[in-house]
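To start, the structure itself, in structure tokens.
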Amino acid sequence: MRWDSAQLEALSAVVGEGSFEGAARVLHVTPSAVSQRIRALENAAGGVLVRRTRPVTPTVPGQTLLRLARQTDLLAAEAAAELHASGLGPGPDEVDGSRTGPRPVSVPIAVNADSLATWALPALARVPGVVLDIHREDQERTVELLPQGIVMAAITAQAEPVQGCTSRPLGVMPYRAMATPAVVERWFPGGVTAEALSRAPMLVFDRHDDLQDQWLREFAARTGSSLPTPPRTYVPSTPEYLEAIRLGMGWGMVQDLRTGPVLSGDDVVPLDPAAPSVDVRLYLQQWRLRSSTLDAVADALLGEARRQLVR
């Protein structure tokens with residue numbers, strides 16, 4: 001069956017922008033025209049493709065066609081770039097008399113917050129001719145966006161490849177429990193005990209963040225104590241989370257890259273120097289698609305991971 005390219009483009013835009021109005025803006029048509037294209041595509045598919053919610057989300061059949069739409073967009077953009085480089089294809093855009101060439105290729109990718117804040121963004125910045133639609137999710141959840149067609153690649157903690165994807169190891173990101181000397185002096189004057197951990201404030205990124213709890217479980221298993229239940233402060237932004245630790249709002253887990261801890265110096269110290277790190281093993285999963293653009297994104301991430309992450 002042949003699918004209408006304009007209808008697939010509308011599906012990709014509606015899901016990407018989260019609304020029919022947003023899709024209309026990027027496609028330079030009216031919301032009514034977008035709605036008509038989606039209805040026509042649903043008629044051709046024989047079922048509902050998107051949930052009319054805020055934001056719009058694809059149904060299971062919609063995910064199948066969304067993957068097709070995203071692949072078609074990517075391969076068409078690559079073909080246009082290759083034709084332009086060889087002097088063929090449609091004429092380039094004109095801006096103030098200058099020849100601008102084809103539009104950059106767009107790649108949607110899911111990245112966990114700590115990788116995005118440390119090593120992943122410099123890697124992605126080195127990929128030429130690409131614009132990115134970055135989805136920030138916990139490393140345990142990024143992989144869920146691949147089969148939905150939302151993203152083409154994901155940095156994830158899941159080694160097993162999802163259907164239609166490849167999986168390659170990136171490396172290990174160790175985390176250590178850190179706090180200011182003042183926090184240690186106030187809350188742990190007699191050392192790090194289960195009782196002290198149950199009283200001291202603990203900083204957590206968000207409600208999907210399990211690193212602190214994993215450290216507590218390992219502490220309880222190592223010491224034979226009961227599982228501490230500390231009071232929690234949620235700070236769902238990596239720079240502000242690290243700043244909250246530096247300001248003495250509590251203790252929390254901090255990335256320890258090859259170049260050293262993300263937080264270091266006299267203002268922060270390990271909460272328990274004898275405690276082992278919590279190691280998060282990361283993988284890069286991507287669609288099985290012959291795409292030079294997607295391969296360039298993957299190569300950049302793999303290269304930077306070799307420099308920054310523990311093997």
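Each residue, GLN163 and ALA33, gets one label point 7 Å from its Cα in the Cβ direction; the gap between the two is 3.6 nm. Each Lys and Arg contributes +1 and each Asp and Glu -1, all at the Cβ; summed about the Cα centre of the chain, the dipole is approximately 520 debye.
Positive end of the dipole of region 177-311 (Cβ unit charges, origin at the Cα centre): among TRP187, TYR283, THR238, the Cα lying farthest that way belongs to TYR283. What residue among ALA110, ALA154, ALA244 has the largest mean-square fluctuation in a Gaussian network model of the chain, using Cα springs under 10 Å? Maximum among the listed residues: ALA244. When both bridge partners sit in the chain, DSSP labels roughly 70% of those beta bridges antiparallel.
Between HIS135 and ASP299, the contour length at 0.36 nm per residue exceeds the Cα-Cα span by 57.1 nm.
A helix-only calculation puts the chain at -12000 deg cm²/dmol for mean residue ellipticity at 222 nm, using -39500 (n - 2.57) for each DSSP H run of at least four residues, averaged over all residues.
Modelled spin-label separation between VAL60 and ALA275, with each label point placed 7 Å from Cα along the Cα-to-Cβ direction: 4.3 nm. Given a cut-off of under 8 Å on Cα pairs at least six residues apart, what relative contact order in percent is computed for region 111-254? Across region 111-254, relative contact order equals 25 percent. Placing unit charges on each Cβ (+1 for Lys and Arg, -1 for Asp and Glu) gives the chain a dipole about its Cα centre, and among HIS135, LEU263, PHE205 the Cα reaching farthest toward its positive end belongs to HIS135. For the chain, the relative contact order is 20 percent, taking Cα pairs closer than 8 Å that sit 6 or more residues apart in sequence and dividing their mean separation by the residue count. Measuring r between the beta carbons of ALA40 and GLN148 and using R0 = 22 Å, the FRET efficiency lands at 0.50. For PHE20, PHE188, the sequence from fewest to most other C-beta atoms within 10 Å is PHE188, PHE20.
Charges were assigned to the Cβ only: +1 to each Lys and Arg, -1 to each Asp and Glu. The resulting dipole of region 1-92 about its Cα centre is roughly 380 debye.
Peptides 198-208, 248-258, 158-168 ordered by packing proxy, namely the average of other Cβ atoms within 10 Å per residue, highest first: 248-258, 198-208, 158-168.
With distances taken between every two different alpha-carbon atoms, region 173-280 has a Kirkwood hydrodynamic radius of 13.7 Å.
Coordinate-derived values only; no laboratory data. Nothing here was measured: the structure is a model prediction, and the numbers come from that model. For neighbour counting, all protein chains shown are included, and Cβ atoms are generated from backbone atoms with ideal geometry for every residue, glycine included.
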